[in-house]
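*Asks:* Handing you this structure, nothing more for now.
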Amino acid sequence: MNVLLIATYEQGHQPFGLASPAAWLRAVGAKVACLDISRDPLNEIAIKEANLIAIHVPMHTATRLAIELIAPIRAINPQAHLCFYGLYAPVNADYLRKQGVQTILGGEFEAGLASLANRLATHPNKHADPQSEPLISLARLNFQIPDRQDLPSLDRYASLGLPDGTSRIAGYTESSRGCKHLCRHCPIVPVYNGAFRIVAKEIVLEDIRRQIKAGAQHITFGDPDFFNGVGHAIPLIESLRKEFPHLTYDATIKIEHLRKHENQIAKLRDTNCLFITSAVESIDDAVLENLAKNHTRKDFEHVLRAFRAQNLPLQPTFVPFSPWTTLDSYNDLLDFLAANDLIENVAPIQLAIRLLIPAGSRLFDLPDIQNLAGPFDEKALAHPWQHPDPSVDKLCEAVQQIVHTGEKLNRTRHQIFARIQEAARRAAGLDQLTKSEALPLLAARATIPYVTEPWYC
């Protein structure tokens, strides 16, 4: 059984979503090839030789890119069995099946892929049989050590930029999947519905050891929330610090958890954490309630103070354009970031994100969304919506263009922020900042660590 695993986009990281199932598939005797088209062109020979082609779709952008591959793959190898797996596969199952995808696997997909490969190897003439593997599996798996042997080298992926102008090769791993929480806008919820699954500590450590041998100097933990299982996370980073005292890392943690486990912030710093990413989403309490984030603006401010007391950077992410955004609230967000010296902590793209309403979203619990969202747009893989105030959508488009142009011209975060703030104040009819209030046109080098590839969903 020749299996080709394909990744389209994984936020600039070497794809764990290929390395993990590759180990499972090789363990059942499959011959596996891995292709990351964010780094390499489509490999026609690998496609021709494959009996099973499985494409990982962990996020919206990756899924749209993956769908574009279906036609060229079918033109090269119409006989191969086509599978989509990952977070965005089951929620888009109806559309994917109409596009000719034969097997769709969500949740804990590794065992399903191994089962599929065995089924096809045993019955090679039954590629069109109905899927027997579960669409969504939340089984507790005994994870295997990810097999990264034929993935592009780590130095071809996003690196970690440091304040002194140097960079570090960055690796990536996951110590858990799923999430305990039910944030309404989160794409994890329709699949995991409050469940989360832990990867055994020794498996994670061995994966990191192998990446260090391959050149990694920093590790990103890609868990949806590193403190979902705080009793798992803390021993893991303590072991990592003891074995590799010079290795640094970053992780993603909810404001709710950082408030609850505030006493662990010092532990993060002392184990070489360089920064924590947190999905703050908004500083408007009404919006936070609509999103079911389970934190408030005051909670965010409290956590921010706690992080600064420990000299550990917090990098908030936002969904600044939602049906509840106003021109005044958007300017309030910008003023808050400037007043709290957070401009360097926020990637410019975070100021341009527009709320996405995917299939199966819990946002439909809200009457506002029921009344506002249109029918599912299969091409966009989302329910379209327009803001009740057209000027807010117009500002969103302007901000997206400012960010796109700014990153293309390699402008600093301060420079891009200044242009966004100017556009936002103009849209709201506010006076422009005076010269003394305005941000400097030339900002110093970034004062916090950052990953060199911007984040998208």
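The values are calculated or read from the model by the stated rules, or taken from the named source; none is laboratory data. This is a predicted model, so every value here is computed, not measured. Because the Cβ atoms are built from the backbone with ideal geometry, glycine has one as well, and the counts that use them run over all protein chains shown. Ligands, DNA and RNA are excluded from the accessible area calculation, which covers all protein heavy atoms including side chains. Shrake-Rupley method; radii C 1.70, N 1.55, O 1.52, S 1.80 Å.
*Asks:* Taking the stretch 47-72 only, how many residues are out of contact with any Pro (no Cβ under 9 Å at 6 or more places or on another chain), assigned to a helix (DSSP H, G or I) and within 28 Å of residue 453 (Cα to Cα)?
*Replies:* Of the residues in that region, 11 qualify.
*Asks:* Search the stretch 177-193 for residues being outside any loop (DSSP other than H, G, I, E, B) and out of contact with any helix residue (DSSP H, G or I) (no Cβ under 7 Å at 6 or more places or on another chain), and hand back the single one that is nearest to residue 211 (Cα to Cα).
*Replies:* 177
*Asks:* Quick one: count up the residues across the stretch 331-375 that are among the aliphatic types (A, V, I, L, M), open to solvent by 30 Å² or more (accessible area, probe 1.4 Å) and in a helix (DSSP H, G or I).
*Replies:* Matching residues across the stretch 331-375 total 3.
*Asks:* Here is a follow-up. Check whether at least one residue in the stretch 19-37 is in contact (Cβ under 8 Å) with a residue 60 or more places away in the chain, among the basic types (Lys, Arg) and in a helix (DSSP H, G or I), and report yes or no.
*Replies:* Scanning the stretch 19-37, I find at least one residue that is in contact (Cβ under 8 Å) with a residue 60 or more places away in the chain, among the basic types (Lys, Arg) and in a helix (DSSP H, G or I), so the answer is yes.
*Asks:* Which residue, of 55, 70, is of a type outside the set (S, T, N, Q), under 21 Å from the mean Cα position of the chain (by Cα) and buried (at least 17 other Cβ atoms within 10 Å of the Cβ)?
*Replies:* Checking each option against the conditions leaves just 55.
*Asks:* Here's a follow-up. Of all residues in the stretch 3-36, which are open to solvent by less than 50 Å² (accessible area, probe 1.4 Å) and within 20 Å of residue 76 (Cα to Cα)?
*Replies:* Within the stretch 3-36, 3, 4, 5, 6, 7, 8, 32, 33, 34, 35, 36 qualify.
*Asks:* Sticking with this structure for a sec: Given the structure, is residue 215 at positive phi and surrounded by fewer than 19 Cβ atoms within 10 Å (Cβ to Cβ)?
*Replies:* It is true that residue 215 is at positive phi and surrounded by fewer than 19 Cβ atoms within 10 Å (Cβ to Cβ).
*Asks:* Could you run through the stretch 394-413 and say how many residues are open to solvent by 30 Å² or more (accessible area, probe 1.4 Å) and either part of a helix (DSSP H, G or I) or within 20 Å of residue 335 (Cβ to Cβ) (or both)?
*Replies:* 12
*Asks:* Would you say residue 328 is closer than 30 Å to residue 418 by Cα, at pLDDT 95 or above, surrounded by fewer than 16 Cβ atoms within 10 Å (Cβ to Cβ) and not aromatic (Phe, Trp, Tyr)?
*Replies:* Judged against the criteria, residue 328 is a match.
*Asks:* Which residues, taken from the stretch 177-235, are closer than 21 Å to residue 89 by Cβ, in contact with a His (Cβ under 9 Å, 6 or more places away or on another chain) and among the polar types (S, T, N, Q)?
*Replies:* Residues satisfying the conditions do not exist here.
*Asks:* Could I ask something else about it? Considering every residue within the stretch 104-114, establish whether at least one is open to solvent by 50 Å² or more (accessible area, probe 1.4 Å) and modelled with pLDDT of 95 or more.
*Replies:* No: the stretch 104-114 contains no residue that is open to solvent by 50 Å² or more (accessible area, probe 1.4 Å) and modelled with pLDDT of 95 or more.
*Asks:* When the stretch 156-204 is examined, which residues are found to be in contact with a Ser or Thr (Cβ under 9 Å, 6 or more places away or on another chain) and closer than 30 Å to residue 296 by Cβ?
*Replies:* Answer for the stretch 156-204, where residues must be in contact with a Ser or Thr (Cβ under 9 Å, 6 or more places away or on another chain) and closer than 30 Å to residue 296 by Cβ: 174, 184, 185, 186, 187, 189, 190, 196, 197, 198.
*Asks:* Is at least one residue of the stretch 281-291 part of a loop (DSSP other than H, G, I, E, B), at pLDDT 95 or above and open to solvent by less than 10 Å² (accessible area, probe 1.4 Å)?
*Replies:* Within the stretch 281-291, the first condition is being part of a loop (DSSP other than H, G, I, E, B), and the residues that meet it are 282-284, 291.
From the residues that got through so far, the ones that are at pLDDT 95 or above too are 282-284, 291.
With open to solvent by less than 10 Å² (accessible area, probe 1.4 Å) added as a condition, the list becomes 291.
Scanning the stretch 281-291 turns up at least one residue that is part of a loop (DSSP other than H, G, I, E, B), at pLDDT 95 or above and open to solvent by less than 10 Å² (accessible area, probe 1.4 Å).
*Asks:* If you don't mind, there's one more thing I want to ask. Quick test for you: out of 195, 200, pick the one residue that is open to solvent by 30 Å² or more (accessible area, probe 1.4 Å) and over 15 Å from residue 220 (Cα atoms).
*Replies:* After applying the criteria, what remains is 200.
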